[in-house]
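These notes are about the structure you will find just below.
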Amino acid sequence: MRSRRIPVRMLPSIHDAGWVDWNRRPYVSGETAYVPVRDGQPWDADIPPREVYRGRGFFMAGSIAILQGKEPAPEEIDRIEAWKKPSAILWVRSYRGAERIPDVRVLRGEPGDVCHREMGMAFWFDPARVMFSPGNRAERTRMMKVAGSGERIADMFAGIGYFSIPAALAGAQVHAMELNPVAYGYLCRNILENRVASRVVPECGDCRDLLAGSYDRIIMGHFDSPAFLDTVADHVVAGGTIHLHATGSSPPDIPESCRGWLCETGIRRIKKVAPHTWHYVIDLKVA
């Protein structure tokens with residue numbers, strides 16, 4: 001890319017300059033901007049085209065690269081290391097048990113605590129020890145929009161605070177329950193990190209034993225949630241909402257025992273989790 005070097009502070013002054021090729025974007029490095037020039041105009045720097053990553057898919061959790069699915073080949077690992085220079089590369093093969101403990105193989109580096117930032121929130125965790133799903137980002141964003149200020153919300157499978165924190169930032173009072181003591185430790189840390197301690201009450205234990213009183217909204221963010229619906233029947237107000245997470249080739253049906261007091265108001269397909277298997281979120285209204 002043929003460019004002219006100018007100080008970054010001068011970028012606003014060239015908005016109407018005839019030599020600038022506005023079909024391409026300036027490249028900024030430190031205090032210098034490399035501005036693309038139109039054909040026939042003088043230039044003093046030639047920037048090679050930006051390389052595009054074409055390797056295997058992965059996601060970054062802080063400084064750690066995480067792969068899922070089939071076992072990666074050595075050349076795939078090398079390409080990720082060259083592209084992102086992560087502090088570690090992990091292959092998460094699956095998640096085990098009700099506590100969703102990662103079955104992890106460390107491919108490069110040393111894993112440890114990282115801080116994943118999104119939408120103004122910070123989530124501390126060790127991806128080798130607790131679960132984190134980047135595919136739930138849209139649902140985390142939605143919790144910020146649907147949670148009402150002053151609502152009392154139960155987050156039955158809170159993890160490290162994926163849904164509790166955005167709901168609290170929206171002004172809700174959240175009862176966050178988590179069975180895994182490691183994830184619970186990160187939940188408490190993230191509550192403090194995001195300054196929502198006045199709006200989130202965390203508890204470690206089985207959510208079926210911790211539900212207390214009535215809630216305006218219940219978040220059931222575990223794939224086994226349909227089996228827990230009978231548990232929440234006495235803990236959600238009339239007109240309240242349940243956000244039920246589940247997997248399958250199609251959305252699950254409401255259990256026969258719950259059809260008298262629940263009605264479906266919306267279904268979203270979040271992401272593919274296995275061949276012919278999708279992660280769904282079903283919104284349910286309490287009669």
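The values are calculated or read from the model by the stated rules, or taken from the named source; none is laboratory data. Just so it is clear, the model here is predicted, and its values are computed rather than measured. Using ideal geometry, Cβ is built from the backbone for each residue, glycine included, and neighbour counts are taken over all protein chains shown.
I need a count of the residues in segment 123-147 that are in contact with a Gly (Cβ under 7 Å, 6 or more places away or on another chain) and modelled with pLDDT under 90.
Qualifying residue count for the region: 1.
Only one of R199, R268, R259 is among the basic types (K, R), touching a helix residue (DSSP H, G or I) at 6+ places or on another chain (Cβ under 9 Å) and at pLDDT below 95; which?
R268
I need the strands (runs of 3 or more DSSP E) fully contained in segment 194-254, keeping only those with at least 2 residues that are more than 13 Å from A154 (Cβ to Cβ) and out of contact with any Phe, Trp or Tyr (no Cβ under 7 Å at 6 or more places or on another chain).
Fully inside segment 194-254 and qualifying: 236-248.
Mind listing whichever residues of segment 101-119 are modelled with pLDDT of 90 or more and part of a loop (DSSP other than H, G, I, E, B)?
Hits for segment 101-119 are E110, P111, G112, D113.
Only residues that are over 30 Å from V92 (Cα atoms) and either touching a helix residue (DSSP H, G or I) at 6+ places or on another chain (Cβ under 9 Å) or assigned to a strand (DSSP E or B) (or both): list them for segment 32-62, please.
Correct list: T32, A33, Y34, V35, P36, V37, A45, D46.
Would you be able to tell me the number of residues in segment 213-238 that are in contact (Cβ under 8 Å) with a residue 60 or more places away in the chain and within 14 Å of D253 (Cα to Cα)?
The total comes to 3.
Pairs under 6 Å by beta carbon, first residue crowded, with 20+ Cβ neighbours inside 10 Å in segment 185-212, partner in a loop (DSSP other than H, G, I, E, B) and β-branched (V, I, T), six or more apart or different chains?
Listed by first residue and then by second, the contacts come to Y186/I160; L187/I160; N190/I160.
Could you check segment 158-173 and list, in sequence order, the residues that are closer than 18 Å to R100 by Cβ and not β-branched (V, I, T)?
If the condition is that a residue be closer than 18 Å to R100 by Cβ and not β-branched (V, I, T), then A158, G159, G161, Y162, F163, S164 are the ones that fit.
Output the number of the condition that A98 fails; it satisfies all remaining conditions of (1) assigned to a strand (DSSP E or B); (2) in contact (Cβ under 8 Å) with a residue 40 or more places away in the chain.
(1)
Just to be sure I understand the filter: pairs with C-beta atoms under 8 Å, separated by 6 or more residues or on different chains, first member in segment 76-91 and under 7 Å from A65 (Cβ atoms), second member assigned to a helix (DSSP H, G or I). Which pairs pass?
Correct list of pairs: P86/I80; I89/I77; I89/I80; I89/E81.
Go over the candidates E118, E139 one by one and state the one that is farther than 19 Å from E203 by Cβ, surrounded by fewer than 24 Cβ atoms within 10 Å (Cβ to Cβ) and touching a helix residue (DSSP H, G or I) at 6+ places or on another chain (Cβ under 7 Å).
E118
Only one of A138, A154, A122, A65 is in contact with a strand residue (DSSP E or B) (Cβ under 6 Å, 6 or more places away or on another chain) and either in a helix (DSSP H, G or I) or in the same structural domain as K271 (by TED's automatic domain parsing) (or both). Can you tell me which?
Just one listed residue meets the conditions, A154.
Please determine, by comparing only the residues of segment 12-31 that are over 34 Å from the mean Cα position of the chain (by Cα) and not in a loop (DSSP other than H, G, I, E, B), which one is farthest from I77 (Cα to Cα).
This residue is S13.
Part of a loop (DSSP other than H, G, I, E, B) and touching a residue at least 60 places away in the same chain (Cβ under 8 Å): does that describe G171?
Against the criterion (part of a loop (DSSP other than H, G, I, E, B) and touching a residue at least 60 places away in the same chain (Cβ under 8 Å)), G171 does not qualify.
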